[in-house]
Amino acid sequence: MADKPRIAYLSGANATISNSPPLVTSNKARALHGLPPRTNPDGSEARFDMLRPQRLAAPVTVYVEQFSAHPLEADAAELYGPPDGYVDAGGAFHEQRQNDSDTPVYRVELDPADGLYPLPYMGRQADGSAWEDDCAFPMAPAKKSRQAYYPDGSRIFEEIDRFGIDEDGTGNLISRQAEVDFFRVMPSGGYTKGLPADQRTDSGEGDIPSELMGRDFFAYRPVHLATSPPRGWLATIVNRIHDILDTGDYLGAIWTQGSPRVEETLYWLNLLMDTPLPVCGNAAQRTHGEISNDGPKNLVDSVDYITSKVWQDAGGQNRAGMVVIQEQQIFASREVQKGEARPGGYVATGGHGGLLGAVRHGMAPILTYLPGAKHTYQSEVNRSRLPESVTGNIGKDGAFTSVEVTIKNGDGTLREEAVPTVTILKEGNYSPESWDSGPEREVDILAQMDDNLTNAPLSGFVVEGQSPYGSMTNSVRNALMMKAVFSGMPVVRVGRGNNEGFSAPAGVFLGGSNLTSTKARLLLVACLMKFGALPPAADPDNPTETERAAIMDRLANYQAVFDTH
């Protein structure tokens, strides 16, 4: 085991890949306790009870019918050795056949130490009724609801090792390649009654710390109780992952998160992490244990990718940046996007690459292309290259005040409260109220600009305009965005949706190249933490030539990053 590489499994929020279908009370339990059986949706009798992985509490002997593993086993009966014995019509086992009707069997000793076994789920509610869903009743409050998400990846990897079978008929698909440590960086499931003893960091005395959904962990099931992490977690996840990878104990890491969210987080890590090691993003379109669930294969593929070292350059550093691996495809984090809620639903954005390679059948993973954009240890906006503080702006009573915004703590970690506010605006045709409608009707932009100047000294906008250049059709909104720039808030223009053009800078607007609006937002957040706010004009409606020149000079720094990241 000591010779195997170590991988860090990093649990992220809202992760379907670590979500399980509801634990529904089996018909075995219903029959035992006199409850009505669960039927099919049309009311007909269910053919089988569903089996869920569970642990035995004591050893047990079972008898397995010979030739029942495959319908054509018996066709090659001459290739098999004899059975272990026979079971008669009354269920008794005999080493020798007693009657022609006896069933040949294998005798299997099952032990709790063997691991999980698929078994009927026997749990019931406290009032004796059957479980039908996550909640005790529809729309139940949190105290009457169970969690569907796993608190970390350890149980998932145990089930993959226990039940996952490769094309050669063998298992232990993860443990045979690597040792894995599990970290709850931004988990989907939590210990509301307190952390277990093996995860506590205190002395073991006093109150056991409990976790709160929406503060310590983030799930979207039950759907009426769904929560998501606030913006400050962008700093927290970078700090926590750096703490893990900087130990030097790991060859790489796997990050799991919700399927429409993982693309943003991996690009953020691509920009902010100063590390030569890979982080692979994994998600799933189907819950863990659901029919044809895609998550386990994605996870195994990431283990294959990390241990193959195909990502290393001649100096042993990561040449591919952070990647998302889905359905055996290796995507550059800059260009990956969830396009559809089905396995295989991820697409490469930007129209000029993004699919770096593949995880192949029976062969090592391969990289056929490498990203041209700067990433990780090359990034100009990674954590190590960010300044300790930058200058921001606060506007009040028509005047601007410069404020110092501390970006990093004394130990070099990022501050949650320093993460800037960047708003995405969607621009469409036929948006003005009339040909002569004024800026007062653009209440959303006006309110956001006012809030930024009051509460967010580092702030900006991304405008998703027309394809491919990101231009705006509404002259009033265009003028308001120019006013935002002269008020110290940079504005990036990108094309609509997954556009293949390269949105160029235009006047005081930054060009977002072929980035999607969500990726451009993250890059603008990083640039604000690197360069600070723009120097505002005393009168944003009438900037002087000197003020314009100062703003353009600062924007050049921003644009250089957008052109290379």
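Restricting attention to segment 326-337, the residues being within 16 Å of the chain's Cα centre (by Cα) and closer than 18 Å to Ser292 by Cβ number 2.
Is one or more of the residues making up segment 89-100 closer than 30 Å to Glu159 by Cβ, open to solvent by less than 70 Å² (accessible area, probe 1.4 Å) and at pLDDT 95 or above? Spell out the reasoning first.
Of all residues in segment 89-100, those closer than 30 Å to Glu159 by Cβ come to none.
No, that holds for no residue.
Mind checking which pairs have a first residue in segment 426-439 that is part of a loop (DSSP other than H, G, I, E, B) and a second that is open to solvent by 80 Å² or more (accessible area, probe 1.4 Å) and at pLDDT 80 or above, Cβ under 7 Å, 6 or more apart or different chains? Matching pairs, first to second residue: Glu433/Arg441.
Here is a yes/no grid of residues against (1) of a type outside the set (Phe, Trp, Tyr); (2) in a loop (DSSP other than H, G, I, E, B); (3) in contact (Cβ under 8 Å) with a residue 60 or more places away in the chain; (4) under 21 Å from Lys374 (Cβ atoms):
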residue	(1), (2), (3), (4)
Arg493	yes, no, no, no
Leu522	yes, no, yes, yes
Ala537	yes, yes, no, no
Pro540	yes, yes, no, no
Tyr558	no, no, yes, yes
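Lys374 passes every criterion in (1) touching a His at 6+ places or on another chain (Cβ under 7 Å); (2) open to solvent by less than 40 Å² (accessible area, probe 1.4 Å); (3) within 16 Å of Leu515 (Cβ to Cβ); (4) not polar (S, T, N, Q) apart from (2). The set of residues in segment 126-153 being free of Cβ contacts under 8 Å to residues at least 60 places away in the same chain and assigned to a helix (DSSP H, G or I) consists of Lys143, Lys144.
Of all residues in segment 214-235, how many are in contact with a Pro (Cβ under 7 Å, 6 or more places away or on another chain) and either more than 15 Å from Tyr191 (Cα to Cα) or surrounded by fewer than 18 Cβ atoms within 10 Å (Cβ to Cβ) (or both)?
Restricting attention to segment 214-235, the residues satisfying the condition of being in contact with a Pro (Cβ under 7 Å, 6 or more places away or on another chain) are 217-218.
This time we only want the ones that are either more than 15 Å from Tyr191 (Cα to Cα) or surrounded by fewer than 18 Cβ atoms within 10 Å (Cβ to Cβ) (or both), so: none.
So the answer is 0.
Report, by residue number, each residue of segment 24-65 that is within 18 Å of Ile291 (Cα to Cα) and in a loop (DSSP other than H, G, I, E, B). Within segment 24-65, Val24, Ser26, Asn40, Pro41, Ala46, Arg47, Phe48, Asp49, Met50 qualify.
Within segment 473-485, can you find the residues that are β-branched (Val, Ile, Thr), modelled with pLDDT under 90 and in a helix (DSSP H, G or I)? Answer for segment 473-485, where residues must be β-branched (Val, Ile, Thr), modelled with pLDDT under 90 and in a helix (DSSP H, G or I): just Val476. Suppose we keep only residues that are surrounded by fewer than 24 Cβ atoms within 10 Å (Cβ to Cβ) and more than 11 Å from the chain's Cα centre (by Cα) within segment 255-274. Which one would you say is farthest from Ala235 (Cα to Cα)? Residue satisfying both the conditions and the ranking: Asp274.
The residues on offer are Thr192, Thr247, Thr201, and the sole one that is open to solvent by 40 Å² or more (accessible area, probe 1.4 Å), β-branched (Val, Ile, Thr) and at pLDDT 95 or above is Thr247.
When Ala253 is tested against the conditions (1) part of a loop (DSSP other than H, G, I, E, B); (2) in contact with a Pro (Cβ under 9 Å, 6 or more places away or on another chain); (3) among the hydrophobic types (A, V, I, L, M, F, W, C); (4) within 25 Å of Asn172 (Cβ to Cβ), the lone failure is (1). In this structure, does Glu65 turn out to be under 30 Å from Ile160 (Cα atoms), among the acidic types (Asp, Glu) and at pLDDT 95 or above? It is true that Glu65 is under 30 Å from Ile160 (Cα atoms), among the acidic types (Asp, Glu) and at pLDDT 95 or above. Note on segment 7-57: residues that are open to solvent by 50 Å² or more (accessible area, probe 1.4 Å), basic (Lys, Arg) and more than 28 Å from Pro343 (Cα to Cα) amount to 3.
When segment 412-438 is filtered for residues that are surrounded by 14 or more Cβ atoms within 10 Å (Cβ to Cβ) and out of contact with any strand residue (DSSP E or B) (no Cβ under 8 Å at 6 or more places or on another chain), the ones remaining, listed by number, are Thr413, Glu416, Val419, Ser431, Pro432. Could you tell me whether Ile174 is within 29 Å of Pro112 (Cβ to Cβ), open to solvent by less than 20 Å² (accessible area, probe 1.4 Å) and not in a helix (DSSP H, G or I)? It is true that Ile174 is within 29 Å of Pro112 (Cβ to Cβ), open to solvent by less than 20 Å² (accessible area, probe 1.4 Å) and not in a helix (DSSP H, G or I).
No other residue among Gly465, Gly512, Gly460, Gly470 is crowded, with 18+ Cβ neighbours inside 10 Å, under 28 Å from the mean Cα position of the chain (by Cα), at pLDDT below 95 and within 27 Å of Glu263 (Cα to Cα) apart from Gly465. Restricting attention to segment 528-554, the residues that are open to solvent by 10 Å² or more (accessible area, probe 1.4 Å) and of a type in the set (A, V, I, L, M, F, W, C) total 5. The single condition from (1) under 28 Å from Val405 (Cα atoms); (2) open to solvent by 50 Å² or more (accessible area, probe 1.4 Å); (3) assigned to a loop (DSSP other than H, G, I, E, B) that Met489 fails is (2). Is it the case that segment 391-410 has a residue that's in a loop (DSSP other than H, G, I, E, B), of a type outside the set (Gly, Ala, Ser), surrounded by fewer than 16 Cβ atoms within 10 Å (Cβ to Cβ) and modelled with pLDDT under 90? Yes: one or more hits. Scanning segment 533-549 for residues that are closer than 23 Å to Ser503 by Cα and in contact with a Pro (Cβ under 8 Å, 6 or more places away or on another chain) yields a total of 2.
The values are calculated or read from the model by the stated rules, or taken from the named source; none is laboratory data. Please read these numbers as outputs of a predicted model, since none were measured by experiment. Neighbour counts run over all protein chains shown; Cβ positions are idealised from the backbone, glycine included. In case anyone asks, the SASA skips ligands and DNA or RNA and just uses the protein heavy atoms, side chains included. Shrake-Rupley method; radii C 1.70, N 1.55, O 1.52, S 1.80 Å.
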